[in-house]
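**Q** If you scroll down you'll find the structure; I have some questions about it.
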Amino acid sequence: MALGSQPRWTVRPAVGVPVDVDVGLRDYMLRIYNYMASGLALTGIVAYFFASSGLYRELAQTPLIYLVILAPFGFVLALSYGINRMSASTAQALFWLFSAVMGLSLASIFLVYTGASIARVFFITAGTFAAMSIYGYTTQRDLSGMGSFMMMGLIGIIIASLVNLFLASSALQFAISVIGVIVFVGLTAWDTQRIKQMYFEMDHSDGQMVGKTAIMGALSLYLDFINLFMMLLQLLGARRD
């Protein structure tokens, strides 16, 4: 059922909590988590197929590999800056395409790390993500200050990663990974709280806007999960001989 078709809520005077908000919010968050989980599943399937089939090795020997690496950034920018001009169905289609292209760019992890370590790190990531997302959803503490701090940390990680492309320092990469875990753990909680707050501020009569906001929420959490996974994989992953 479309969220936009839900009845308006009323406030119970004794408690001060909207009667229908909790049900609507639960359905909305489940919708976002379903989008995110489906996107992660698509990414994993595409990554494994291209790695195991040998297609990624062939692609890595051509200039097209740079397009594969950079394409996910293009999709994120297109969704972030073009979402207001899109329909909800177009935004959803772009999200699935982004997830598939992300799988192409991540196929290399199956060639670098053992399958057992990838699976182990994935479950560690899933548990950490779930715990922090639940915290962000349930806490009464305002996490906006922490979110701003984590965004500054994210900028620092990006700059340090670019510098390390030239330095190739293992010590700097280790530091980036450790700080990255802290940053994306914090961002997971903050993004979850931010998505929850946006739900209360939305015009629920506009089904298109609700749908697009759900896609953007799923994209934020997807990126938190993927980046946390990659940082943990660099710290805990067992490389192939």
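**Q** Quick check on my filter: what residues within segment 135-148 are surrounded by 13 or more Cβ atoms within 10 Å (Cβ to Cβ) and in a helix (DSSP H, G or I)?
**A** Those that are surrounded by 13 or more Cβ atoms within 10 Å (Cβ to Cβ) and in a helix (DSSP H, G or I): 135, 136, 137, 146, 147.
**Q** Could you say which residue among 99, 80 is touching a Ser or Thr at 6+ places or on another chain (Cβ under 7 Å) and of a type in the set (S, T, N, Q)?
**A** 99
**Q** Next question, about the same structure. For the condition closer than 30 Å to residue 118 by Cα and either at pLDDT below 50 or not hydroxyl-bearing (Ser, Thr, Tyr) (or both), what is the one hit in 16, 4, 44?
**A** Checking each option against the conditions leaves just 44.
**Q** Out of segment 145-199, which residues are among the small types (Gly, Ala, Ser) and more than 18 Å from the chain's Cα centre (by Cα)?
**A** Result: 145, 156, 160, 161, 168, 169, 170, 171, 175.
**Q** If you go through segment 130-159, how many residues are within 18 Å of residue 178 (Cα to Cα) and β-branched (Val, Ile, Thr)?
**A** Of the residues in that region, 4 qualify.
**Q** Right, here's the next one. Restricting to segment 215-241, count the residues that are of a type in the set (Gly, Ala, Ser), part of a helix (DSSP H, G or I) and surrounded by fewer than 23 Cβ atoms within 10 Å (Cβ to Cβ).
**A** Final tally of qualifying residues: 1.
**Q** Mind listing whichever residues of segment 110-128 are β-branched (Val, Ile, Thr) and surrounded by fewer than 19 Cβ atoms within 10 Å (Cβ to Cβ)?
**A** Hits for segment 110-128 are 112, 114, 124, 128.
**Q** Something else now. Given the conditions (1) surrounded by fewer than 16 Cβ atoms within 10 Å (Cβ to Cβ); (2) at pLDDT 95 or above; (3) over 30 Å from residue 207 (Cβ atoms), report the number of the one that residue 53 does not fulfil.
**A** (2)
**Q** If you check every pair at least six apart or on different chains, which have Cβ atoms under 7 Å apart with a residue in segment 42-64 that is part of a helix (DSSP H, G or I) first and a residue that is among the acidic types (Asp, Glu) second?
**A** Sorted first by the residue in segment 42-64, then by its partner, the list stays empty.
**Q** Take the conditions in a helix (DSSP H, G or I) and modelled with pLDDT under 90 and apply them to residue 27. Does it pass?
**A** Judged against the criteria, residue 27 is not a match.
**Q** Here is a further query. Any idea which of (1) among the hydrophobic types (A, V, I, L, M, F, W, C); (2) modelled with pLDDT of 90 or more; (3) loosely packed, with under 12 Cβ neighbours inside 10 Å is the one residue 97 doesn't satisfy?
**A** (3)
The values are calculated or read from the model by the stated rules, or taken from the named source; none is laboratory data. All of these numbers come straight from a predicted model, not from anything done at the bench. Quick reminder, even Gly has a Cβ in these numbers, built from the backbone with ideal geometry, and neighbours come from all protein chains shown.
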